[in-house]
Amino acid sequence: MYFDGKIWMGSADGKPVCLLPSMANRHGLISGATGTGKTITLKVMAESFSDAGVPVFVSDIKGDLTGMISPGEDTERMQKLIEKYRLKEVWSYKSYPTAFWDVFGEKGTPVRATVSEMGPMLLSRIMGLTPVQEGVLHIVFNIADDQGLLLLDLKDLRSMLREVGDHAAEYKTRYGNITAASVGAIQRGLLKLEDQGAEEFFGEPSLDISDWLVQSEDGRGMINVMNCERLFLQPELYATFLLWMLSELYEYLPEVGDLAMPKAVFFFDEAHLLFNLKSKDLLAKVEQVVRLIRSKGVGVYFITQSPTDVPNTVLAQLGNRIQHALRAYTPADQKGLRAAAASFRTNPAFDTAEAITSCGTGEAVVSFMDEKGAPSMVERCGILPPQSLMGPADEVLLAGTIAMSEMGKKYNTPVDRESAHELLAEKFSAEEEAKEAAAAEKARLKEEKEKEKERAAAVRQAKAELREEQKKEKNKREIEKSLRSIATSAGRTATNKLIRGLLGSLLKR
Ligand SMILES: Nc1ncnc2c1ncn2[C@@H]1O[C@H](COP(=O)(O)OP(=O)(O)OP(=O)(O)O)[C@@H](O)[C@H]1O
Ligand SMILES: [Mg+2]
């Protein structure tokens with residue numbers, strides 16, 4: 001609850017425990033076992049910042065943050081809590097200015113990013129590429145940039161990969177080695193992305209992060225609830241999306257140093273997914289962004305089950321801690337508990353580790369940064385209830401709120417302007433035509449050669465036949481000649497025979 005210029009989070013022995021807005025950019029951690037009250041704590045914090053005029057972003061994993069659009073219900077339980085925390089004089093049930101967003105455009109205004117904005121490093125992460133393949137993807141982006149080809153959606157990236165794959169030898173001298181195997185692996189990664197429904201996420205109009213940093217007409221900060229129920233099912237996509245958002249925010253905001261009131265506060269649920277990174281480079285980038293974004297007036301709050309989910313380098317930067325109950329059944333649990341307890345400045349009134357294990361639902365062990373920027377002594381306190389509805393919103397009301405969203409007018413309809421895909425499609429069809437023409441010319445030349453061969457064979461055949469004919473003619477002539485000579489000599493013989501006969505007959509006579 002925002003009260004007296006402070007974020008009033010809970011009560012320890014009847015004393016208010018507050019987070020100072022000027023220290024909100026020292027980031028924070030809300031941790032605790034499942035069902036111990038992390039989401040409600042996040043809600044109370046988000047409401048308070050909104051009342052202080054600070055825009056808020058929250059990732060909603062279970063759809064249980066939608067209740068912010070309705071005032072809380074005046075139940076007996078709530079009345080008891082109001083009584084317990086002595087809130088009666090200042091309490092009001094109220095709804096909050098809330099904008100819903102959804103990567104898939106189902107439970108909120110669509111959130112999109114272009115492939116260029118996402119960049120090769122984050123894309124490699126979602127596609128699970130090796131360092132070599134990532135290197136090739138960087139080359140693909142460089143070539144696209146150098147040629148002025150826009151990479152907006154996945155179609156653009158697919159076409160660009162084809163272009164680079166087809167002309168790998170030509171690009172090699174300028175950009176380095178591009179193996180067919182790497183291009184193939186990236187293409188398969190793209191297929192996987194498409195299967196996950198990421199096609200809807202990549203494209204235009206892409207999110208202008210300044211649309212999140214707005215106030216309602218009555219000066220309260222907008223609470224941007226990003227529905228991640230579906231996105232969360234693909235942890236890689238979820239983590240990458242959140243990383244992209246942080247880096248967008250970082251690029252967008254100017255350096256401001258420490259402010260009396262933060263410019264924006266971001267809450268990341270299931271934050272362990274963000275740190276479960278295979279790529280060391282990327283992890284270093286997350287740490288860097290978290291460190292540097294503080295001077296841009298942004299507070300980042302991670303929500304996770306155990307502080308051990310967060311790398312030490314990041315953990316060391318989280319000044320505001322709300323630790324709900326932790327269980328300590330296994331040695332690993334106990335180690336986590338000890339680490340969690342050790343991260344607090346001790347309070348002589350109680351044992352921190354013991355307090356963490358014995359907290360009830362809606363209770364926590366808390367330490368915020370004091371005005372000097374030092375962590376306050378740990379307090380065990382009850383967390384105030386939210387002023388808006390504790391559970392999820394009525395579905396009809398929610399659907400109506402989403403449908404009436406002002407932002408919907410800007411983002412609901414996707415735009416597909418001329419980019420790498422369209423421009424390369426022309427090049428590909430020209431190349432295709434040239435290839436077809438070359439193939440046709442080759443076929444024509446082959447046919448011509450065949451015909452020439454046939455003609456030569458026919459000539460050879462005709463010549464052979466002629467020779468045969470001539471040979472036959474010659475033979476015939478020779479036969480005739482010899483026949484003639486035979487006939488002559490036969491004639492002679494016949495004459496002789498006649499003579500002889502004559503003679504003979506003469507003789508006979
Ligand atoms: N500060 C509180 N005041 C009153 N009731 C609370 C408070 N915190 C938690 N509760 C009750 O406990 C329930 C569970 O809390 P919550 O959903 O915040 O747990 P969680 O730690 O986020 O769980 P999970 O890890 O499953 O997401 C709430 O629905 C609510 O009824
Ligand atoms: Mg929760």
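The values are calculated or read from the model by the stated rules, or taken from the named source; none is laboratory data. Every value quoted in this text rests on a predicted model; they were computed, and no experiment measured them. In this analysis, Cβ positions are derived from the backbone assuming ideal geometry, glycine residues included, and neighbour counts consider all displayed protein chains.
Can you say whether residue 146 is crowded, with 19+ Cβ neighbours inside 10 Å and not assigned by TED's automatic domain parsing to the domain that holds residue 107, as far as the supplied structure shows? Spelling it out, it is not the case that residue 146 is crowded, with 19+ Cβ neighbours inside 10 Å and not assigned by TED's automatic domain parsing to the domain that holds residue 107. The residues of the stretch 348-362 that are in a loop (DSSP other than H, G, I, E, B) and of a type outside the set (Asp, Glu), listed by number, are 348, 349, 350, 359, 360, 361, 362. Listed by first and then second residue, the pairs with beta-carbon distance under 7 Å, at least 6 apart or on different chains, first residue in the stretch 402-416 and surrounded by 13 or more Cβ atoms within 10 Å (Cβ to Cβ), second basic (Lys, Arg), are 402/107.
Being touching a residue at least 60 places away in the same chain (Cβ under 8 Å) and touching an Asp or Glu at 6+ places or on another chain (Cβ under 6 Å) holds for only one residue in 189, 219, 197, 203, and it is 203.
Working carefully through the options 32, 72, find the one that is within 16 Å of ligand 2 (Cβ to nearest atom) and not hydrophobic (A, V, I, L, M, F, W, C). Before the answer, list the steps.
Values: 72 fails: within 16 Å of ligand 2 (Cβ to nearest atom).
Checking each option against the conditions leaves just 32.
Pairing residues of the stretch 377-388 that are under 16 Å from residue 37 (Cβ atoms) with residues that are surrounded by 24 or more Cβ atoms within 10 Å (Cβ to Cβ) and of a type in the set (Lys, Arg), at Cβ distances under 7 Å and at least 6 apart in sequence or on separate chains, gives 386/43. When the stretch 279-316 is filtered for residues that are polar (S, T, N, Q) and buried (at least 18 other Cβ atoms within 10 Å of the Cβ), the ones remaining, listed by number, are 304, 305, 306, 308. Within the stretch 23-52, residues that are more than 21 Å from residue 97 (Cβ to Cβ) reach partners that are away from ligand 2 (no atom under 11 Å from the Cβ) and part of a helix (DSSP H, G or I) with beta carbons closer than 6 Å, at six or more positions or on different chains, in the pairs 25/294; 31/307. Under the condition of being touching an Asp or Glu at 6+ places or on another chain (Cβ under 9 Å) and among the small types (Gly, Ala, Ser), which residue from the stretch 1-32 is nearest to residue 95 (Cα to Cα)? Step by step, filter the stretch 1-32, then rank; the result is 10. Residues that are surrounded by 13 or more Cβ atoms within 10 Å (Cβ to Cβ), outside any helix (DSSP H, G or I) and in contact with a Phe, Trp or Tyr (Cβ under 6 Å, 6 or more places away or on another chain) occur at least once in the stretch 365-375. Against the conditions (1) out of contact with any helix residue (DSSP H, G or I) (no Cβ under 6 Å at 6 or more places or on another chain); (2) in contact (Cβ under 8 Å) with a residue 12 or more places away in the chain, residue 83 satisfies every one except (2).
Residues satisfying the criterion are absent from the stretch 63-79 (criterion: under 17 Å from residue 245 (Cα atoms) and hydrophobic (A, V, I, L, M, F, W, C)).
You will find that of 101, 91, the residue that is in a strand (DSSP E or B) and touching a residue at least 24 places away in the same chain (Cβ under 8 Å) is 101 and no other. Among the residues of the stretch 63-75, is there at least one that is of a type in the set (Val, Ile, Thr) and either touching a Cys at 6+ places or on another chain (Cβ under 7 Å) or within 12 Å of residue 366 (Cβ to Cβ) (or both)? No, the stretch 63-75 contains no residue that is of a type in the set (Val, Ile, Thr) and either touching a Cys at 6+ places or on another chain (Cβ under 7 Å) or within 12 Å of residue 366 (Cβ to Cβ) (or both). Take the conditions (1) under 27 Å from the mean Cα position of the chain (by Cα); (2) buried (at least 21 other Cβ atoms within 10 Å of the Cβ); (3) small (Gly, Ala, Ser); residue 341 misses just one of them, which is (1). Restricted to the stretch 1-56, and to residues that are acidic (Asp, Glu) and at pLDDT below 95, which residue is farthest from residue 256 (Cα to Cα)? Per the criteria, the residue is 13. Residue-level check: of (1) assigned to a loop (DSSP other than H, G, I, E, B); (2) in contact with a Phe, Trp or Tyr (Cβ under 8 Å, 6 or more places away or on another chain); (3) touching a residue at least 60 places away in the same chain (Cβ under 8 Å), residue 74 misses just (3). If you go through the stretch 247-267 and keep only what is crowded, with 17+ Cβ neighbours inside 10 Å, away from ligand 2 (no atom under 16 Å from the Cβ) and not in a helix (DSSP H, G or I), you end up with 253, 262, 263, 264, 265, 266.
Conditions tested, residue by residue: (1) surrounded by 13 or more Cβ atoms within 10 Å (Cβ to Cβ); (2) in contact with a His (Cβ under 6 Å, 6 or more places away or on another chain); (3) not aliphatic (A, V, I, L, M).
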{"residue": "326", "(1), (2), (3)": "yes, no, no"}
{"residue": "335", "(1), (2), (3)": "yes, no, yes"}
{"residue": "356", "(1), (2), (3)": "yes, no, no"}
{"residue": "363", "(1), (2), (3)": "yes, no, yes"}
{"residue": "385", "(1), (2), (3)": "yes, no, yes"}
{"residue": "396", "(1), (2), (3)": "no, no, no"}
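For the stretch 274-292, does any single residue satisfy the condition of being of a type in the set (Phe, Trp, Tyr) and closer than 23 Å to residue 21 by Cβ? Looking for residues that are of a type in the set (Phe, Trp, Tyr) and closer than 23 Å to residue 21 by Cβ, one finds none in the stretch 274-292, hence no. Scoring residue 365 on the criteria (1) out of contact with any Lys or Arg (no Cβ under 7 Å at 6 or more places or on another chain); (2) within 16 Å of ligand 1 (Cβ to nearest atom) leaves a single failure, condition (1).
Among the residues of the stretch 9-48, write down those that are within 12 Å of ligand 1 (Cβ to nearest atom) and part of a strand (DSSP E or B). Selection gives 9, 10, 11, 30, 31. Scanning the stretch 49-65 for residues that are closer than 15 Å to residue 8 by Cβ and either within 16 Å of ligand 1 (Cβ to nearest atom) or not in a loop (DSSP other than H, G, I, E, B) (or both) gives 49, 50, 51.
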